[in-house]
Amino acid sequence: MTKAQRKQLSSSSKNYVPMCLCAYMQRGSILIITLWILAILSLLAISFAHHTAVGIKLTKYHISSLKNLYICKAGIKRACYELNRDKEENTYDSLNDSWSSNPEAFKNAGVGDGAFTVSYQIEDDNKDMTSVYGMIDEERKININKLAKNGVQDEIRLSQIKKLLEILDIDTKIADYIVDWLDSDTGVGNAEEDFYQGLSAPYHCKNDLIECLEEMYLIRGITAEIFKKLKPYITVYGDGKININTAGEEVFMSLGMDDTLAQQILGYRSQDGGEEDLYSFKTIESIISNLNSYQPLMPTQVHILTTLIETGYLTVNSSVFTANVTSVLNNSKLVKRVNVVLQREEDNIKIKYWHES
């Protein structure tokens, strides 16, 4: 090999090394870019899968929630059916009616792939809570909206609610605060408005009817503890008359009855265990005679009952009912609750209140 050839070979070798190195670098860059693209695509795929899974879960939740709602509506339809059936069969309402205690109709009643229950809790003789499968008639309670009539306080009803507060060991001033919330009298120096406007989150005294019981939390002096005590005995529905067939001892005593008379009414109603509807008061006119046949009344007791009957404070009928409906799907922990107040009228049933949770 000549000197010129060796020189040419050496020159070409020097040029070949950088060219190879450049080629390897280009291939490495392509590999890195490819890996980055794969990583980004993988993250996008994982994110898409996560969003899809969440979407599927939300869709299943909404479908289950919708099913539960319609199962609750089926429970309300059954409640309306029982109210209408009872109206056709009886001219009075008692705790033995099918709307009041009816496990067959209201306990875990199957609908599609779920079931509804209509129930409420009461204290038994041992002070334990027990479930009753049925509805609550609002006429077993005292209507606090009747504490004011045409914007002016009703002294007789005020004395009744104060008596109830005494029985429940609640400060009787609460009755005055409720009246202040209802009546149109703002008091000396607009004292009511001054109190509510002086709160850290001020608002106006309503001076009008209470629309639902939870509104009472806005009234001066009403705490969660007081509301819990009062709730079983008060209502904002109905005409203010008390159904003697369904009310309890506390309500009877708030009307001015003594403990003996209240217990006599309850004793009459519970004869033979109260399972058969033989000892309900069928008419207003039969109240005194029925009680006398069960156990002779004292003259003072007769006077109290006569006064309550003549002044329109007692009735044997109910027209407004609360249904607490719970639904659950089979093999699911998702529960739906609907609390509804139904008013039974001559030809239909109206919904007065609806609350879902």
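The values are calculated or read from the model by the stated rules, or taken from the named source; none is laboratory data. Worth saying up front: this structure is predicted, and the values here are computed from it rather than measured. We place every Cβ from the backbone using ideal geometry, glycine too, and count neighbours over all the protein chains shown.
Counting only helices (runs of 4 or more DSSP H) wholly contained in segment 253-357, no element carries 3 or more residues that are buried (at least 19 other Cβ atoms within 10 Å of the Cβ), at pLDDT 95 or above and of a type in the set (K, R). Whether any residue in segment 89-102 is of a type in the set (D, E), at pLDDT below 90 and closer than 30 Å to D347 by Cα is what I want to check. Yes, the conditions are met somewhere in segment 89-102.
Filter segment 207-252 down to residues that are within 21 Å of I309 (Cβ to Cβ) and free of Cβ contacts under 8 Å to residues at least 60 places away in the same chain and give me whichever is surrounded by the most Cβ atoms within 10 Å (Cβ to Cβ). Of everything passing the filter in segment 207-252, F252 is surrounded by the most Cβ atoms within 10 Å (Cβ to Cβ). In segment 121-146, the residues that are among the hydroxyl-bearing types (S, T, Y) form Cβ pairs under 8 Å with partners that are at pLDDT below 85, at six or more places apart or across chains, as follows: T130/I122; T130/E123; T130/D124. Checked against the criterion of being surrounded by 15 or more Cβ atoms within 10 Å (Cβ to Cβ) and at pLDDT 95 or above, the candidates L182, L165 yield just one match: L165.
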